[in-house]
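First comes the structure, then the notes that go with it.
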Amino acid sequence: MAPLGYIEILDAKGNVSERVRVESFPIHIGRAYTNDIVVDDPYVCPMHLTIEPDDGGRLIARDLDSVNGLHLRADNKRVATLDLHSGTQFRIGRTLMRYCNVEHPLAPTILDRENGESRLASPYALAGAGILVMLVLCLESYLSAIERVTVAKIVSEPLTFRRSGLPVSSAPGSSLRR
């Protein structure tokens, strides 16, 4: 029999810590061992919540008069019943949960780089290396086309300017030397 959906128990960051397959409705959730989903949270009642379809076929989460109630994750508002759609997050006690149907979209698969494959094997690395080589060749060509500037030229130019007889300083109040 194909699953009807999943109830995911989420950690504080919203990552899935446990995923429970839903085979049939109603689903009973709480701390008691007789539940379909047993939640280890002292703020959850033994018989806390039930999930079942209503007469119109919509999935409804219904609080069973628990002490700490059922809360909608979006605004943390306490509710007696909650319409469940794929991706709906809700909280019982201090446990965050999410209902997902079987068509719920999955996150993309992450590339495993622990198998020894280097980032240098990526096509992006090859393209980057090609661009780097082109930049180095262009820079080398540019530098070979212009006149070389050396420290000796930088130091010797002011000295030749002074020997030519032109004034060194033309500031007011300064004496002009030749």
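The values are calculated or read from the model by the stated rules, or taken from the named source; none is laboratory data. Owing to the predicted nature of the structure, the values given are computational and were not obtained by experimental measurement. Ligands, DNA and RNA are stripped out before the accessible areas are found, and what is left, the full protein with its side chains, is counted by its heavy atoms. Shrake-Rupley method; radii C 1.70, N 1.55, O 1.52, S 1.80 Å.
Details
- In this structure, Glu23 does not satisfy being closer than 25 Å to Ala107 by Cα and open to solvent by less than 20 Å² (accessible area, probe 1.4 Å).
- Of all the residues in segment 11-23, those that are part of a strand (DSSP E or B) and under 16 Å from Asn101 (Cα atoms) number 6.
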